[in-house]
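Shown next, in structure tokens, is the structure this report addresses.
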2 protein chains.
Amino acid sequence: MRAKPTRLRDKTICSVPVGKFVERVKDFHGATAPGVILGGYMVELAYRNLPKGDILFDALSETRTCLPDAIQLLTPCTIGNGWLKVLDLGKFALSLYDKSNGNGIRVFVDPAKLESFPEIRTWFFKLKTKKEQDLDVLLDEIHAGGSQVCGFMPVRLKPDIFAPRRHKTFRVCPICHESYPATDGDCCRACSGKTPYL
Amino acid sequence: MRAKPTRLRDKTICSVPVGKFVERVKDFHGATAPGVILGGYMVELAYRNLPKGDILFDALSETRTCLPDAIQLLTPCTIGNGWLKVLDLGKFALSLYDKSNGNGIRVFVDPAKLESFPEIRTWFFKLKTKKEQDLDVLLDEIHAGGSQVCGFMPVRLKPDIFAPRRHKTFRVCPICHESYPATDGDCCRACSGKTPYL
């Protein structure tokens, strides 16, 4: 019989009790996805290593899978408020950075550290199907390992990534009669061929 | 003296009492942003016009500003679970669509309908600075107008937009020693020049 990780009761992620974080993940994400739970520990590792003081930070996720939801649940950064950006490089890594200068901390899963965490390794490299893997065992290992499977490094974001991009003026598109950013040209980007619709 | 919109007490957005939705917006987005509130009425209009029945739907936002948060707060679709996609065309429009075939409803702000809503029009076309505009008056008009400022249309998404894209296998990048989708080639996209860091 596996010992239940009762110590979780006293554990917190970004000051949120782990149990409460897990509930929030279920509500928001729709399931206790391993990637969002591990993402929580990654956000906390980044937080802990940010310079102390009253800085305003933004977030970057290097994948659009799972991690953005951990960031949105644990930080003030959301997609809609613009403080979270997603650059989908397919890498399970995130950065929190000072929005005034782009200096921050990047946290990533370190494959070398996964050797001691066979369940996480199997899940991370998709070595078993979802059906074959025991979700409870995997989640226990994620909670036990926390950010031990991660590395972190100081980073400086390129200005074109961290600088805010604001549309100053909008005009009405002569083709679809909807509004669009004036800087896009004579008509909106959808009407100039970028429409996602058939 | 302006009459307070007391009828808001009985109003709901996607079955959520408006007051509760406004609270959620403040918690999640960090402020009662007009764009997220209007976005709520847009999500509801799309919902109401989806075919009845037990369909699983996904969401598309045509802007990364505000609208994604309304969708994430009112539907099961989030960035991290992959059911919400953002295609940043700078257009204040969204679609909810059947994830099995891409058929859905698109809702957009219709500039022609803004003539009767001067505060919304001024905000929407950024005709005043944030400081110059009275947020309370604007929000009252948004709640009073609801989805009256919007149009909607049936749409069919292009398969490359609605079809799920899953990474099947991951490997370790020989340069950074982190994992990346094997389909990206001999090294990860960050190491092949797409890194967001200096």
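Each reported figure results from applying straightforward, stated rules to the coordinates on display, with no laboratory input. Nothing here was measured: the structure is a model prediction, and the numbers come from that model. FYI the Cβ positions are ideal-geometry reconstructions off the backbone, even for glycines, and counts take in every protein chain you see.
Sort A:Val172, B:Val149, A:Val155 so the one with the fewest other Cβ atoms within 10 Å of its own Cβ comes first. Mind dumping the intermediate values first?
Working: A:Val172 15, B:Val149 24, A:Val155 20.
Ascending Cβ contact count within 10 Å gives the list A:Val172, A:Val155, B:Val149.
For region A:149-198 versus region B:97-159, the spacing of their alpha-carbon centroids is 18 Å. Close amide H pairs (under 5 Å, H built 1.01 Å from N) link B:Asn103 with B:Asp98, B:Leu157, residues at least 5 positions away or on another chain. Looking at chain B, do any whole DSSP H helices span at least 18 angstrom along their long axis by alpha carbon and average -1.0 or above on Kyte-Doolittle, and which? Those that clear 18 Å and a mean of -1.0 are B:34-49. Taking the label point 7 Å along Cα→Cβ, B:Val137 and its counterparts in the other copies are spaced 6.5 nm apart, in ascending order. Per-residue 3J(HN,Hα) values for region A:104-119, derived from phi via the Karplus relation 6.51 cos²θ - 1.76 cosθ + 1.60 with θ = phi - 60°, read x, 10, 9, 10, 9, 7, 9, x, 4, 7, 6, 4, 7, 10, x, 5 Hz in sequence order (x marks Gly and Pro). Footprinting exposure proxy ranking of B:Lys113, A:Lys194, fewest other C-beta atoms within 10 angstrom first, gives A:Lys194, B:Lys113.
The rotation axis taking chain B to chain A passes closest to this chain B residue's Cβ, listed with the gap in Å: B:Ile79, 3. Each other copy holds its own label point for A:Met153; taking that point as 7 Å from Cα along Cα to Cβ, the gaps run 4.7 nm, nearest first. Considering only alpha-carbon pairs that sit under 8 angstrom and 6 or more positions apart, the relative contact order computed for chain B is 17 percent.
Net charge near A:Ser116: determine it from the other residues with C-beta under 13 Å of the C-beta of A:Ser116, scoring Lys and Arg +1 and Asp and Glu -1.
Details: positive: A:Lys113, A:Arg121; negative: A:Asp110, A:Glu115, A:Glu119, A:Glu141.
Net of charged neighbours comes to -2.
Relative to the compact-globule estimate of 2.2 N^0.38 Å, the Cα radius of gyration of the protein assembly as shown comes out at 1.02.
As a quick test, which of the pairs A:Lys20/B:Lys91; A:Lys11/B:Lys99; A:Lys91/A:Lys168; A:Lys26/B:Lys131; B:Lys52/B:Lys158; A:Lys52/B:Lys128 have an alpha carbon distance above 28 angstrom in this structure?
A:Lys20/B:Lys91; A:Lys11/B:Lys99; A:Lys91/A:Lys168; A:Lys26/B:Lys131; A:Lys52/B:Lys128
Please rank B:Phe92, B:Phe124, fewest neighbouring Cβ atoms within 10 Å first, as an exposure proxy.
Ascending number of Cβ neighbours within 10 Å: B:Phe124, B:Phe92.
Here the dipole of the protein assembly as shown is about 80 debye; that uses its Cα centre as origin and unit charges on the Cβ of Lys and Arg (positive) and Asp and Glu (negative).
Once you charge only the Cβ atoms, +1 for Lys and Arg and -1 for Asp and Glu, what is the size of the charge dipole of region B:89-171 about its Cα centre, to the nearest 20 debye?
Numbers: 15 positive and 10 negative charges, 197 e Å.
Taking the Cα centre of region B:89-171 as origin, the dipole is about 940 debye.
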